[in-house]
Each structure stands twice: as structure tokens, then as C-alpha cells.
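**Student:** I'd like to ask you about the structure that follows.
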Amino acid sequence: MTLHAALFYILATVTAISAIGVAVTSNIVRAATWLLFALASTAGIYFLLGADFLGATQLIVYVGGTMILVVFGVMLTASGPFVNMKVGAAEWAISLAVGLLLYSVLAIVLLQIEPPSRNIPPNHTLLPSKHIGAALLGSSSSTPEAKVTGLRGGQFIPRTRVSYLLPFEIISVHLLVVLIGAAYLARAKRRREDVA
Amino acid sequence: MQDNLAIALMGFPSQLLPEIILGLAACVLFLGATWKVSRHVWGTVALAALVLAGLAMWSVHHSHTPIENEPKAEFADTIRFSAPVLYTKFGVLFKLIGLITGVLLVLLGWDEGGEEHAGEYHACLLLIAAGIGLTGAANDLITLFLALELISIPTYIVLYLPRITAPAQEAAMKYFLLSVFSSGLLLFGFSYLYGVTGTTNISGILDSLGASQGGIATRAVPTWRGLVLVSLVMIVAGLGFRITAVPFHFYAPDVYQGTTTVSAGMLAFVPKIVGFAALLKLLGFVGDSNGQAMGSQAPILFWIMAAVTMTLGNILALWQTNIKRLLAYSSIAHAGYMLIGLAVAPRMTGTSADAVNGVEAVVFYLAAYGAMTLGSFAVLHVLSQSGKTVENEDDLVGLGKTHPVMALVMVLFLFSLIGMPLTAGFVGKFLLFFDAMSVFSSIPEGNAEAVRQATEQGRLYGLLALIGAVNAAIGAWYYLRLASAMYLREAIMPLPAVKTTPAVFAMVVCAVLTLVLGMFPSTLLSPIREAIRPTIAGQAKIAADGPKVAQR
């Protein structure tokens with residue numbers, strides 16, 4: 001077993017066990033901690049694949065940002081230190097059945113496929129993070145020359161010089177709207193307390 | 001080729017000029033609302049922005065060639081397989097629908113909610129209009145998803161802002177949670193699609209799935225078929241929430257009832273039109289492919305969804321006395337009728353060029369449904385403005401005597417929802433049912449086995465048309481019940497007189513659209529046909545692949 005494979009199996013096991021932990025535990029803080037491990041080991045898998053930008057993003061956004069938010073959310077809204085979510089037996093049975101069904105469908109589908117053929121274009125290298133960042137800022141000249149694969153009989157159409165400025169800008173508009181929505185939610189709450 | 005690409009990609013933001021204007025105007029409104037509280041000022045600014053966006057669209061129309069008319073095939077292919085947004089006739093159609101919807105919503109929302117929220121409210125409506133246009137133009141999974149979210153996120157605020165009461169908050173929360181869940185499903189489907197094809201470009205995905213060669217994964221590794229089917233189911237589930245198709249419909253009645261009348265009207269129309277636009281794009285119904293990209297199972301899936309959705313929607317609507325709940329179930333039923341078009345569309349390739357194919361019928365029905373449903377919510381909104389909220393069937397009693405004009409307009413919309421001749425609803429239903437029936441008549445010549453199969457399919461689609469017709473009859477019952485309440489019963493407490501507000505104008509526009517689309521359907525049908533039909537080169541390709549489709 002190569003080092004790569006060994007590391008993959010370790011990370012995969014940690015991810016799977018932590019994910020089950022999130023679903024099984026009824027204490028919300030514990031669930032958050034399990035989620036921390038699940039997300040971090042997913043980042044590890046990204047690093048193992050050489051996608052260091054994605055791995056770093058996963059660590060910063062999910063492990064760093066979302067996790068803190070969850071814990072803060074619990075801290076600010078919970079009445080006691082340990083919130084327990086009671087789950088009835090019927091809910092357990094239904095969600096277990098749905099989850100297992102989805103899992104078996106996905107497992108069957110994924111076991112059927114052959115590993116993809118290694119017809120990677122000759123000049124294919126992994127993208128340095130710097131270039132991705134520059135492309136997000138609209139510098140299309142730093143976008144690496146990726147190819148659109150899977151087209152008609154081995155014909156690769158070059159997908160060059162796409163800047164990700166448009167999606168980036170759309171996301172900024174999303175965030176602006178979310179901020180305003182959040183501000184209204186917070187303000188409405190305060191006003192209601194004033195009335196009461 | 002490099003130069004061509006550079007020109008093509010440098011040029012792409014300019015075709016988004018209308019959306020950019022709407023986005024900037026939204027920012028101006030968000031900022032401006034902090035120093036000036038006036039619904040009239042911000043409503044006027046929003047209208048001006050929409051008009052400006054319309055002018056920008058007109059100028060873009062004169063400076064850009066739609067990709068279908070691009071003379072150099074290689075150049076067109078290069079753009080198609082690399083640009084994140086495309087300037088197509090389909091996109092232009094949706095931009096136009098988006099702008100008109102935006103104007104109607106701004107007019108309807110003029111007097112909605114507190115005056116201090118007017119700026120933010122109108123800004124969100126502008127972003128929703130921009131999102132509709134962007135969905136029509138998107139040619140990349142990422143752009144498509146962001147465009148859909150550009151509609152969902154402002155929608156949460158539009159639901160939340162105007163009425164801060166417990167039921168409205170519950171409605172907003174319910175919509176928010178389920179919408180986020182459906183977006184998750186959609187992204188999960190997208191990720192599988194990306195995994196199979198290696199690209200996020202929608203044209204590239206359809207090409208690599210063998211859309212133009214009559215089937216799923218003919219070019220990719222055959223065993224990957226399962227992955228494509230999983231992603232198909234996930235995408236249909238994610239978008240099914242937006243179009244209120246049956247397993248994902250259950251939020252609609254509660255949310256419509258809890259929120260304000262205008263927001264309910266918006267929810268009935270906007271998510272539906274973008275949901276169908278995204279489905280049409282992802283399944284390859286637009287342009288040079290025949291909608292078989294995701295496999296021949298897709299029509300069966302849509303057949304079942306159509307039958308269940310319209311039946312359940314109509315039967316549950318029979319029990320409703322709250323008009324908003326009734327219109328919610330009616331919205332579900334209409335989603336079912338539209339799904340007929342998607343189920344039929346892949347079977348209609350290779351039929352004569354004059355026949356309307358299912359996709360055209362779906363787009364026409366969407367526009368018609370928008371006019372009549374926004375119109376009927378507009379009537380309720382206008383009636384509610386003078387104090388008493390009109391929510392229940394009993395509130396409409398005697399309207400024919402007390403408010404003869406309002407009653408007449410409402411009856412027009414109800415007749416259109418039933419599908420009476422001379423209204424838009426009739427043309428839409430006629431086209432859809434006719435399509436389903438004509439699968440039977442387009443049986444190809446050929447060997448006995450193929451003919452037998454085609455006959456069986458024809459029967460199946462004939463049955464679907466029959467289910468649709470029965471449903472239209474069930475639907476007539478509850479719409480006519482409203483009409484009879486207005487005309488045949490005496491009002492005990494008549495509603496106060498109607499104030500003339502911008503919403504009245506929106507209602508009149510909807511009524512005119514309903515009548516015009518009903519009497520002169522070709523005004524809309526011919527642009528739709530032009531936008532949906534494949535180019536001549538594409539038609540030849542599909543015709544050449546036709547026999548393969550029949551064999552599958």
C-alpha cells in the first residue's frame with residue numbers, strides 16, 4: 001500500500017465516522033465538534049488530491065467560519081449550556097430508511113463505474129492558488145489553459161481566458177442582499193422586545 | 001481562433017447590460033433607502049431602472065448577433081463551449097419576460113408593507129428581474145446556480161419585509177429552509193454532472209452526454225449512465241421545488257397563505273418560470289439537441305410527475321375556502337399541465353416543422369400562466385387595499401354588484417385559469433394537450449417492432465392528455481365556484497370602494513396580456529418557436545440521428 005493510499009483510507013475513515021457522529025449525537029455542541037472533524041478531514045482529502053486551493057478554502061470557510069458560527073449560534077440562542085435534541089423512534093426509523101436507501105443507490109452507482117481513463121492532456125498541471133485568485137479578480141490572462149474534455153471523439157476545445165469576475169460579482173450582490181436581510185431580522189427582534 | 005475567443009469573451013459583459021443596470025439600481029435603492037423614506041420616490045426609481053434596462057436590452061439587440069445566427073460555425077462552437085453566458089434568442093425572450101415581470105411586481109408592490117421598507121423591497125424586486133434574465137442567458141452550471149440564487153435570496157426578504165407578523169415570519173422561514181434544501185439537492189446533482197463530463201459548461205455537458213446522438217453517455221463511458229441518472233433525479237428534485245411539482249409542493253399552500261398577496265403572486269410565477277428555464281436548458285431542450293441528453297427515462301419521470309401533480313393539485317384545491325390557498329393548489333395543478341410539455345417534447349423531434357412541439361407549448365403556457373395568476377393575485381390585492389383584507393371565498397360574495405369592473409376582470413382571469421376560449425389559458429392548454437395527442441399521429445414508418453413501440457407510446461401520451469382534460473374539468477369546478485360567489489350571491493357586507501393605485505395598472509396590463517395572448521397567440525408563439533427551434537444545421541443533425549432515437 002502506498003503512502004497515498006494509506007493516508008486516503010485514514011482520512012476517509014475519519015470523515016465517515018465523524019459524519020455518522022454528527023447524525024447520531026443529540027447534543028448540539030457535540031454534533032458541531034464532530035462536524036469539525038468531518039470538514040477538516042475532507043480538507044485533508046483535497047490536499048491529498050493536490051487541490052491545495054480548495055483544501056485551504058475548505059479549512060478557512062467551513063472549519064474556520066461556519067463552525068465558529070454554529071458554536072456562536074448555540075451560545076447565543078440556547079437557554080442552557082447543553083441543548084439536547086430529542087429524536088423520536090419513528091423519526092429515527094424514517095431517516096435511517098431514507099439515508100440507507102440513498103446510500104445504497106449511490107454506492108451501487110459508484111461501484112459500477114470503471115476508473116476514468118488517464119487521458120489527461122499532456123500539458124495538464126495542477127493550478128497554483130495564485131492564478132485562481134487572480135482569475136477571481138477578473139484577470140483572465142492568468143487563467144490556465146484548461147481543456148473542455150469529453151467532447152466529440154477526443155476533440156478538446158480550449159477553454160481559455162475565462163475570468164471568474166462575473167460569478168464573483170453576482171456573489172457580491174448575493175452577500176449584499178443577505179446582509180440587508182440579516183439586518184432586518186435582527187432589527188425586527190429588537191423592536192418586538194421594545195413593544196413587549 | 002485565439003483572437004476570436006478573446007473578442008468573444010471580452011464582449012460578454014456588454015450583453016448583460018440590462019442585468020448590470022438592474023443590479024446597480026438595486027444598490028442605489030439599498031443605499032438611498034437609508035436617507036429617504038418614501039415609497040413613491042423608490043417606486044419611481046425602480047420603474048425608471050426597469051425602463052432603462054429595457055432600453056439597454058434594445059441597444060444590445062442591435063449590437064449583438066444571437067449565437068444561432070452566427071455565420072461562422074466554428075466560431076459559434078468556440079463561444080458555445082467556453083462562454084459562461086450566451087446571447088441567444090431564448091435568453092432574449094427570458095430577459096424580456098424578466099423585465100415585464102419586474103414592472104408588474106414593482107407596480108403591485110407599490111403600496112406593499114411599511115413605507116420605511118419601500119427602498120429595500122423594490123431593490124429586491126429589481127434583483128429578481130435581473131435573475132430571470134440571467135437564468136435565461138446562463139451557459140454554465142455555476143452561472144445558472146448563481147442566477148437561481150439571485151432570485152431565491154431576494155425572495156426571502158420580499159417574503160419577510162412587508163408583513164412582520166407571526167404567520168408571515170413562519171411562511172418566510174418555511175420557504176427559506178426548504179429553498180436552501182432544494183438548492184443543496186440541485187448542487188449535488190450538478191456535482192455528479194461535472195464529475196461525469198469534466199466541464200461545467202452546459203453546452204459542453206450536453207455534447208459530451210451525446211445529446212445530439214440520441215442518448216445518454218454514448219460518448220462517455222457507458223457504465224457512467226447511473227451517475228447521470230442520479231444527477232438527473234437530483235436536479236429534477238431541486239428544481240421541482242421551484243416549480244411546485246408534486247413531491248415537493250407541500251410548502252406552497254402554507255407559504256402563500258401566510259405571506260402577503262403580492263408576494264404570493266410572485267412566488268406563484270417567478271420560481272416557476274426560472275425553474276422551467278433551467279430544466280429546459282439542462283435537459284437540452286433548447287437549441288441543437290433533442291432533449292435526450294439525460295436519457296430516455298426522463299420523459300417517463302415527467303409523465304408520472306405531470307399526472308400526479310395536476311391531479312393532486314386540482315383535487316386538493318376543491319376543499320379550499322381561502323382564496324390564496326386555492327390559488328396555491330391551482331399553481332401546483334398548472335405546474336402539472338406544464339410538465340406534460342416536458343414529457344412530450346423528446347417524442348416530438350422529427351415531426352413536421354409546422355407542429356408546435358412540447359417545449360414551445362411549455363414556454364407559452366408559462367407566459368400565459370404568469371399573466372393570469374399575477375392578474376388574479378392583483379385583483380385580490382387591489383380589493384384588499386381599502387382596508388379589509390380579502391382572503392376567503394366569502395369576502396368575494398356579491399362582488400358582481402358592488403364592484404362590477406373588478407368582478408369582470410377577476411372572472412376573466414378565472415376563465416383563463418380554467419382554459420376558456422379567447423383567453424391565454426385556453427391556447428396554452430390546447431397546445432399542451434394537442435401535443436400529447438399528436439405523439440400518436442407521428443408514428444414513424446419502419447419495421448413492425450418500431451411501429452408497435454411507437455403506438456404504445458402514443459397511447460401512453462394520449463392517456464396523459466386525457467388525464468389533463470379531466471383535470472381541467474375538475475379545475476373548472478372550483479374556479480367557477482368563485483365566479484358564482486361573485487355573481488349569484490348577495491353581499492351582506494359589501495367591500496369598500498376601490499382606490500386607484502399603481503396596482504390597478506398592473507392588473508389592467510395582466511388582463512390585456514391575457515386577452516391578447518388568447519386572441520392572437522402567434523404574437524408570442526412565433527418568437528418562442530424561433531428561440532426554441534434548432535438551427536438548420538442542428539435540425540439536419542437531429543434528423544440524421546433520428547433512427548437511432550427510435551431504436552433506443
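The values are calculated or read from the model by the stated rules, or taken from the named source; none is laboratory data. Quick caveat: nothing in here was measured; it's all calculated off a predicted structure. Every residue, glycine among them, receives a Cβ derived from its backbone with ideal geometry; neighbour counts consider all protein chains shown. What goes into the accessible areas is simple: the full protein's heavy atoms, side chains included, and nothing from ligands, DNA or RNA. Shrake-Rupley method; radii C 1.70, N 1.55, O 1.52, S 1.80 Å.
**Student:** In whole angstrom, how far apart do the alpha carbon centroids of region A:11-82 and region B:244-286 sit?
**Tutor:** So the two Cα centres are separated by 33 Å.
**Student:** On to the next question. Name the residues whose placed amide hydrogens come within less than 5 Å of the amide hydrogen of residue B:85, ignoring near sequence neighbours (fewer than 5 apart) on the same chain.
**Tutor:** B:139
**Student:** Moving on to the next point. If you split all Cα-Cα distances of region A:14-77 into 10 Å bins from zero, what percentages do you get per bin, shortest first?
**Tutor:** With 10 Å bins starting at 0, P(r) equals 24, 47, 24, 4.
**Student:** Per residue of region B:468-473, what does 6.51 cos²θ - 1.76 cosθ + 1.60 with θ = phi - 60° give for ³J(HN,Hα)? Whole Hz please, x for Gly and Pro, Karplus curve as stated.
**Tutor:** The phi angles translate into x, 5, 4, 5, 4, 5 Hz.
**Student:** Helix B:297-317 sits at what angle to the longest principal axis of chain B, using alpha carbons and giving 0 to 90 degrees rounded to 10?
**Tutor:** So the inclination is approximately 20 degrees.
**Student:** Partner chain Cβ atoms within 10 Å, averaged over the residues of B:78-91 - can you pull that number for me?
**Tutor:** 2
**Student:** Here is a further query. Expressed as an acute angle from 0 to 90° and rounded to the nearest 10, what is the orientation of the C-alpha long axis of helix B:502-519 relative to the principal long axis of chain B?
**Tutor:** Result, in degrees: 40.
**Student:** Quick one: which residues, 5 or more positions from residue B:392 or on another chain, have an amide H under 5 Å from its amide H? H modelled 1.01 Å from N in the peptide plane, none for Pro or chain starts.
**Tutor:** It is B:323, by chain and number.
**Student:** Give the average, rounded to an integer, of partner chain Cβ atoms located within 10 angstrom of each Cβ in B:127-138.
**Tutor:** Across B:127-138, the average partner-chain Cβ count within 10 Å equals 1.
**Student:** Consider all pairwise Cα distances in chain B and report the whole-number % of them above 37 Å.
**Tutor:** 28
**Student:** Say each of residue A:30 and residue A:69 gets a label point 7 Å from the Cα, pointing the same way as Cα to Cβ; how far apart are those two points in nm?
**Tutor:** 2.6
**Student:** Could you look at chain B and say what percent of its accessible area is carbon and sulfur, using a 1.4 Å probe and all protein chains?
**Tutor:** Carbon with sulfur: 70 percent of the solvent-accessible area.
**Student:** Kindly write out, for region B:19-25 in residue order, the coupling ³J(HN,Hα) from the Karplus curve 6.51 cos²θ - 1.76 cosθ + 1.60 (θ = phi - 60°), rounded to whole Hz, with x marking Gly and Pro.
**Tutor:** 5, 5, 4, 5, x, 4, 4
**Student:** At q = 0.10, 0.17 Å⁻¹, what base-10 log of I(q)/I(0) does the Debye formula yield for region B:298-519 when every alpha carbon is treated as an equal point scatterer in vacuo?
**Tutor:** -0.48, -1.09
**Student:** For residue B:319 and residue B:166, calculate 0.36 nm times their separation in residues minus their Cα-Cα distance, and state this gained length in nm to one decimal.
**Tutor:** 52.6 nm
**Student:** Among B:121-127, B:415-421, B:146-152, B:250-256, what's the highest-first ranking by average C-beta atoms within 10 angstrom per residue?
**Tutor:** Packing order, densest peptide first, comes out as B:121-127, B:146-152, B:415-421, B:250-256.
**Student:** Can you give me the distance in nm between label points at residue B:488 and residue A:100, each placed 7 Å from the Cα along the Cα-to-Cβ direction?
**Tutor:** Distance between label points: 5.5 nm.
**Student:** Normalised by the number of residues in chain B, what is the relative contact order in percent for Cα pairs under 8 Å and 6+ residues apart?
**Tutor:** 14
**Student:** Can you tell me how much longer the chain between residue B:58 and residue B:469 gets when fully stretched, taken as 0.36 nm per residue apart minus their C-alpha distance, in nm with one decimal?
**Tutor:** In short, 143.9 nm is gained.
**Student:** For chain B, what is the mean residue ellipticity at 222 nm derived from helices alone (per DSSP H run of n ≥ 4: -39500 (n - 2.57); sum divided by total residues; nearest 500 deg cm²/dmol)?
**Tutor:** So the helix-based figure for chain B works out to -24500 deg cm²/dmol.
**Student:** Using Cα atoms only, what is the angle between the long axis of helix B:323-344 and the major principal axis of chain B, expressed in degrees (0 to 90) to the nearest 10?
**Tutor:** In chain B, helix B:323-344 runs at an angle near 10 degrees to the longest axis.
**Student:** Skip the ligands, DNA and RNA, and give the accessible area per residue of chain B with a 1.4 Å probe, whole Å².
**Tutor:** In whole numbers, chain B has 35 Å² accessible per residue.
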